[in-house]
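Working notes, beginning with the structure itself.
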Amino acid sequence: MSKPVIHYFPIRGRAEVLRLAIVAGGDDFDVVDVNYQEQKSDREKYPFGQCPRLVDGDIDMVQSNTIARYLARKYKLNGKDEKEMVLVDEIMEGVESLRVKYVNLIYNDKLEEAAKETYWKTYFDKTTSEGRNGGAHMVYLANFLAKNGGKHCVGSGLTIADLCLWEILDLHLRIFEEAVKKEYPELVAFHDHIASLPGIKEYLASPKRLAAPNANSLG
């Protein structure tokens with residue numbers, strides 16, 4: 001049986017959750033570096049002119065969260081019933097709201113100190129979660145984890161929601177490591193737990209785990 005093939009740039013980026021889902025499901029993947037001109041011109045392979053793209057047998061798809069949900073179904077990472085599936089979707093959307101803010105910090109604000117301070121105050125400071133933030137705040141995501149006992153976001157086992165939260169947390173630990181450890185020790189414990197799981201642990205220590213998180217040197 002052929003491996004799923006991820007078409008993406010040689011960075012972690014929006015393909016990292018997909019890689020994590022595949023290895024957590026006990027599978028492996030191949031990678032193909034994207035030809036940018038093809039990505040922008042070939043509407044059959046890239047209907048939205050964007051990647052990642054996943055080819056899994058005769059299934060060919062784009063849009064990162066579409067792919068993540070497909071992999072969640074394939075590897076039974078989407079929750080055991082409708083109630084859990086709804087929670088998984090909610091958390092995925094909450095992570096996406098925070099990711100949009102993160103991308104702006106990395107690519108537009110260039111991690112300038114003033115921008116970092118404002119970002120932390122708006123999206124991570126526990127005293128500001130009731131303020132205006134576009135639905136993006138780490139407190140919201142941490143609440144799901146706390147209500148479920150701290151090891152997983154939903155139910156008793158690993159879901160794609162855990163992988164989405166782990167990955168966005170991993171990105172922020174690169175920028176705000178000491179602050180996150182101080183304010184969110186429960187999230188650091190969660191991060192360590194997910195990183196130790198079979199498949200994920202081996203992937204994180206392997207050459208397949210790319211060094212660059214983003215398309216610039218920041219983050």
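Of Leu105, Val86, Ser156, which is farthest towards the positive pole of the range 82-196's charge dipole, taken about the Cα centre with +1 and -1 on the beta-carbons of Lys, Arg and Asp, Glu respectively?
Of the candidates, Leu105 comes out farthest on the positive side.
Using a 7 Å offset from the Cα along the Cα-to-Cβ direction at both Lys3 and Ala189, what is the distance between the two label points in nm, to one decimal?
With each label placed 7 Å out from Cα toward Cβ, I get 3.6 nm.
When the helix-only estimate is applied to the chain (DSSP H runs of n ≥ 4, each -39,500 (n - 2.57), divided by the residue count), what is the mean residue ellipticity at 222 nm, nearest 500 deg cm²/dmol? Write down the numbers at each step before the final one.
On the way: 9 runs with 113 residues, N = 219.
Dividing the helical sum by the residues of the chain leaves -16000 deg cm²/dmol.
Any chance you could run the full-extension gain for Val100 through Leu218? It's 0.36 nm times the residue separation minus the Cα-Cα distance, nm to one decimal. The partial results should precede the final answer.
Values: separation 118, 0.36 × 118 = 42.48 nm, distance 1.56 nm.
Residue separation times 0.36 nm, minus the Cα-Cα distance, leaves 40.9 nm.
Filter Lys40/Lys151; Lys45/Lys76; Lys45/Lys110; Lys83/Lys208; Lys3/Lys80 down to the pairs with a C-alpha to C-alpha distance above 30 Å, please.
Flagged as over cut-off: Lys40/Lys151; Lys45/Lys110; Lys83/Lys208.
Packing-wise, with mean Cβ within 10 Å as the measure, how do 119-125, 17-23, 186-192 rank, highest first? Mind dumping the intermediate values first?
Working: 119-125: 18.4, 17-23: 26.0, 186-192: 16.3.
Descending packing order for the listed peptides: 17-23, 119-125, 186-192.
Determine the dipole magnitude for the range 82-196: charges of +1 sit on the beta-carbon of Lys and Arg, -1 on that of Asp and Glu, nothing else is charged, the reference point is the Cα centre, and the result goes in debye to the nearest 20.
On the way: 13 positive and 20 negative charges, 37 e Å.
The calculation lands at about 180 debye.
At a 10 angstrom cut-off on C-beta neighbours, averaged per residue, how do the peptides 148-160, 199-211 rank from highest to lowest?
Details: 148-160: 19.5, 199-211: 13.6.
Highest-to-lowest ranking by the protection proxy: 148-160, 199-211.
Starting at the first residue of the range 124-141, write each ³J(HN,Hα) from the Karplus equation 6.51 cos²θ - 1.76 cosθ + 1.60 with θ = phi - 60°, in whole Hz, x for Gly and Pro.
For the range 124-141, the Karplus curve yields 10, 4, 5, 7, 10, 5, 8, x, 7, 8, x, x, 10, 6, 5, 4, 4, 6 Hz.
For a quick check: with amide H placed at 1.01 Å from N, whose amide H comes under 5 Å from Leu77's, ignoring anything fewer than 5 positions away on the same chain?
Under 5 Å from the amide H of Leu77 lies no amide H from a residue far enough along the sequence or on another chain.
Averaged over all directions, how much area does the convex hull of the C-alpha atoms of the chain cover when projected, in nm²?
Working: hull surface 49.9 nm².
Over every viewing direction, the Cα hull of the chain projects on average to 12.5 nm².
Using a probe of 1.4 angstrom, how much of the accessible area of the range 4-90 is carbon and sulfur, in percent?
Working: 2240 of 4390 Å².
That share works out to 51 percent.
The values are calculated or read from the model by the stated rules, or taken from the named source; none is laboratory data. All values reported here derive from a predicted model rather than from experimental measurement. Here the Cβ is made from the backbone with ideal geometry for all residues, glycine too, and neighbour counts use every protein chain on show. Note: accessible area is taken over every heavy atom of the protein model, side chains too, but ligands, DNA and RNA are not part of it. Shrake-Rupley method; radii C 1.70, N 1.55, O 1.52, S 1.80 Å.
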